[in-house]
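The values are calculated or read from the model by the stated rules, or taken from the named source; none is laboratory data. As the structure is a prediction and not an experimental result, all values here were calculated from the model. Methodologically, a virtual Cβ is constructed for each residue, glycine included, from the backbone with ideal geometry; neighbour enumeration extends over all protein chains shown. To get the accessible areas, we keep the full protein, side chains included, count just its heavy atoms, and leave off ligands, DNA and RNA. Shrake-Rupley method; radii C 1.70, N 1.55, O 1.52, S 1.80 Å.
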Amino acid sequence: MSNFDYDLIVIGGGSGGVRAARISATHGAKVAICEEYRYGGTCVIRGCVPKKMFVYSSHFHEEFIDSASYGWDVEVKSFNWKKLIENKDKEIDRLNGIYGNLLKNAGCEVFDGRGELLNRNTVKIGDKTFTTERILVATGGTPFMPSIPGIEHAITSNEAFYLDELPESAVVVGGGYIAVEFAGIFNGLGVDTTLVYRGKQILRGFDQDVADHLSAEIQKKGINLKLNSDIEKIELVDGKKKLTYKDGSTQTVDQVMYATGRAPNTTDVGLEKAGVELGRKGEILVNAESQTNVDNIFAVGDVTDRIALTPVATMEGHAFADSVYGNNPRIPDHDNVPSAVFSQPPVGSVGLSEEQATEKYGQVDIYKSEFRILKHTLTENTERTFMKLIVDTATDKVVGVHMVGPDAAEIMQGIAIAVKAGAKKADFDATVGIHPSTAEEFCTMRTKSN
């Protein structure tokens, strides 16, 4: 019989922590999990799920306009921001309840409160203290904001989901996927939107062709893109936000939102008391098995700063549970993880960018296609879709696939299976396309672009 109160205590009730706790419990472990806010984590409560709802809402205006070319007479009288927020909140409440029930039904003891390590085998939750054989930290990440004068007048994505009113004008600061997505959301809902990024192009780290194509498309849709630009200070003037840029220019808007990266949630978790090593960004350092330098303490998800995606955290949590409690040792596979940016138009990617592939393989073959999708041909919509295949010349293996255009995420999920399975360009060529569809273009690209 164990000398501890629990076999496992999980700190953090996001996707990774919930999966690890639930699967560990089904394997027979005595598990407790604690969460200081709401179960579901960043993704469900203030991330991917509500964000996707906002994207849907903001894109309807294009659908209404395009529908006229298909014979529909649609009159749009107004948009009700409060109704969107109300319905979003109801759905988040429902999902929060589902997560809690999943844990309880699996046999986990669920605590509402902040977890803090007192040592390698003791966790304090609220005013209670428990001992445990193992600890899993899954505390996620939080938005990072720079220390500039007036930063307290800005918001992050956390607050954007709960604004009382939709601003008439807004500046979104950042060039990553969150910044690009929220710029599209605001713009689509009729907000005069400026996207400010200090770099020379948005989506740093993505394939360059993808970034260039999306940059052009979002500007066509009305987003004012300011590259090589940064804000020096923010002032509150007559209820509005006056921004002074580093080049001396100014801009006054109703709202300014920072999406300039995320930091691991490792502050005040008590990691130093247990001797857990952190990296330079504050991330928990782990090995391939998600184990820290303290052999009974593990970590999964964004707090480890490996790949900050919800399905990756879930994969890591499940692999931990199977390995430690399920007699099925396995390592989470971080190769060829597909991803999407729910910009407008959206981006879908799997594998390497052209730049990464060239560095790794030397000689690669590139296939590219750019076109208006069939749906837009009857309309005045000038949006263009972009698709790209990257092939290792020596082996004919497809090592990167990228798309910018409607349904990119849905299409890329299927493509990712092929890439994960090691498909070659010849396999793509031998596959009959579904006609008429956008996705069939991946089976018909025959002419190299390099």
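Of the residues that make up segment 200-216, is at least one touching a helix residue (DSSP H, G or I) at 6+ places or on another chain (Cβ under 6 Å), touching a residue at least 12 places away in the same chain (Cβ under 8 Å) and outside any loop (DSSP other than H, G, I, E, B)?
No; the residues of segment 200-216 include none that is touching a helix residue (DSSP H, G or I) at 6+ places or on another chain (Cβ under 6 Å), touching a residue at least 12 places away in the same chain (Cβ under 8 Å) and outside any loop (DSSP other than H, G, I, E, B).
Please name all residue pairs, on different chains or six or more residues apart, with Cβ atoms under 8 Å, provided the first residue is in segment 329-347 and is within 30 Å of residue 23 (Cβ to Cβ) and the second residue is part of a loop (DSSP other than H, G, I, E, B) and of a type in the set (Gly, Ala, Ser).
Filtered contacts from segment 329-347: 331/288; 332/288; 332/290.
Among all residue pairs at least 6 apart or on different chains, which show Cβ distances below 6 Å where the first residue, located in segment 50-61, is more than 12 Å from residue 190 (Cβ to Cβ) and the second is open to solvent by less than 20 Å² (accessible area, probe 1.4 Å) and basic (Lys, Arg)?
Cβ pairs passing all conditions: 50/88; 53/88.
Open to solvent by less than 10 Å² (accessible area, probe 1.4 Å) and at pLDDT below 95: does that describe residue 40?
So residue 40 fits the description; yes.
Could you tell me which numbered condition residue 407 fails, if it satisfies all but one of (1) surrounded by 14 or more Cβ atoms within 10 Å (Cβ to Cβ); (2) over 28 Å from the mean Cα position of the chain (by Cα); (3) among the acidic types (Asp, Glu)?
(2)
Is it the case that some residue within segment 220-237 is more than 21 Å from the chain's Cα centre (by Cα) and closer than 17 Å to residue 386 by Cβ?
So far as segment 220-237 goes, yes, one or more of its residues are more than 21 Å from the chain's Cα centre (by Cα) and closer than 17 Å to residue 386 by Cβ.
Among the numbered criteria (1) under 21 Å from residue 445 (Cβ atoms); (2) surrounded by fewer than 21 Cβ atoms within 10 Å (Cβ to Cβ), which single criterion is violated by residue 328?
(1)
Of the residues that sit in segment 356-389 and are among the charged types (D, E, K, R) and assigned to a strand (DSSP E or B), which one is farthest from residue 64 (Cα to Cα)?
Per the criteria, the residue is 365.
Restricting the search to segment 411-443, which residues are touching a residue at least 40 places away in the same chain (Cβ under 8 Å) and open to solvent by 10 Å² or more (accessible area, probe 1.4 Å)?
Passing the criteria: 411, 413, 415, 420, 436, 438, 441.
For segment 331-344, which positions are out of contact with any helix residue (DSSP H, G or I) (no Cβ under 6 Å at 6 or more places or on another chain) and either open to solvent by 60 Å² or more (accessible area, probe 1.4 Å) or under 30 Å from residue 69 (Cβ atoms) (or both)?
331, 333, 335 - these are the residues of segment 331-344 that are out of contact with any helix residue (DSSP H, G or I) (no Cβ under 6 Å at 6 or more places or on another chain) and either open to solvent by 60 Å² or more (accessible area, probe 1.4 Å) or under 30 Å from residue 69 (Cβ atoms) (or both).
Considering only segment 163-177, I want to know if a residue exists there that is open to solvent by 40 Å² or more (accessible area, probe 1.4 Å) and either of a type in the set (Lys, Arg) or under 25 Å from residue 350 (Cβ atoms) (or both).
Within segment 163-177 (the criterion being open to solvent by 40 Å² or more (accessible area, probe 1.4 Å) and either of a type in the set (Lys, Arg) or under 25 Å from residue 350 (Cβ atoms) (or both)), the answer is yes, since at least one residue qualifies.
Please enumerate the residues belonging to segment 162-172 that are over 17 Å from residue 187 (Cβ atoms) and within 20 Å of the chain's Cα centre (by Cα).
162
Please determine whether any residue of segment 15-22 is open to solvent by 10 Å² or more (accessible area, probe 1.4 Å), in contact (Cβ under 8 Å) with a residue 24 or more places away in the chain and more than 30 Å from residue 87 (Cα to Cα).
No, segment 15-22 contains no residue that is open to solvent by 10 Å² or more (accessible area, probe 1.4 Å), in contact (Cβ under 8 Å) with a residue 24 or more places away in the chain and more than 30 Å from residue 87 (Cα to Cα).
Sort out for me the strands (runs of 3 or more DSSP E) sitting completely within segment 87-136 that have 3 or more residues that are open to solvent by less than 50 Å² (accessible area, probe 1.4 Å).
122-125
Filter segment 250-285 for residues that are open to solvent by less than 30 Å² (accessible area, probe 1.4 Å), in contact (Cβ under 8 Å) with a residue 60 or more places away in the chain, closer than 21 Å to residue 298 by Cβ and touching a helix residue (DSSP H, G or I) at 6+ places or on another chain (Cβ under 7 Å) and give the result.
264, 266, 284
Quick one: in segment 392-450, which of the residues that are part of a strand (DSSP E or B), touching a Ser or Thr at 6+ places or on another chain (Cβ under 8 Å) and among the β-branched types (Val, Ile, Thr) is farthest from residue 335 (Cα to Cα)?
Here the residue is 404.
Of the residues 295, 247, 238, which is on the phi > 0 side of the Ramachandran plot, out of contact with any helix residue (DSSP H, G or I) (no Cβ under 9 Å at 6 or more places or on another chain) and free of Cβ contacts under 8 Å to residues at least 24 places away in the same chain?
238
How many residues, within segment 70-86, are assigned to a helix (DSSP H, G or I), open to solvent by 50 Å² or more (accessible area, probe 1.4 Å) and in contact with a Leu (Cβ under 8 Å, 6 or more places away or on another chain)?
1
Take the residues in segment 24-58 that are in a helix (DSSP H, G or I) and of a type in the set (Gly, Ala, Ser); name whichever of them is nearest to residue 344 (Cα to Cα).
58
Tell me whether segment 295-314 contains one or more residues that are buried (at least 21 other Cβ atoms within 10 Å of the Cβ), among the β-branched types (Val, Ile, Thr) and more than 19 Å from the chain's Cα centre (by Cα).
yes
I'm told residue 21 meets every condition in (1) assigned to a loop (DSSP other than H, G, I, E, B); (2) under 13 Å from residue 317 (Cα atoms) except one. Can you identify the failing condition by its number?
Condition not satisfied by residue 21: (1).
Test residue 46 against the criterion of being in contact (Cβ under 8 Å) with a residue 40 or more places away in the chain, open to solvent by 50 Å² or more (accessible area, probe 1.4 Å), within 26 Å of residue 10 (Cβ to Cβ) and of a type in the set (Lys, Arg), and give yes or no.
Judged against the criteria, residue 46 is a match.
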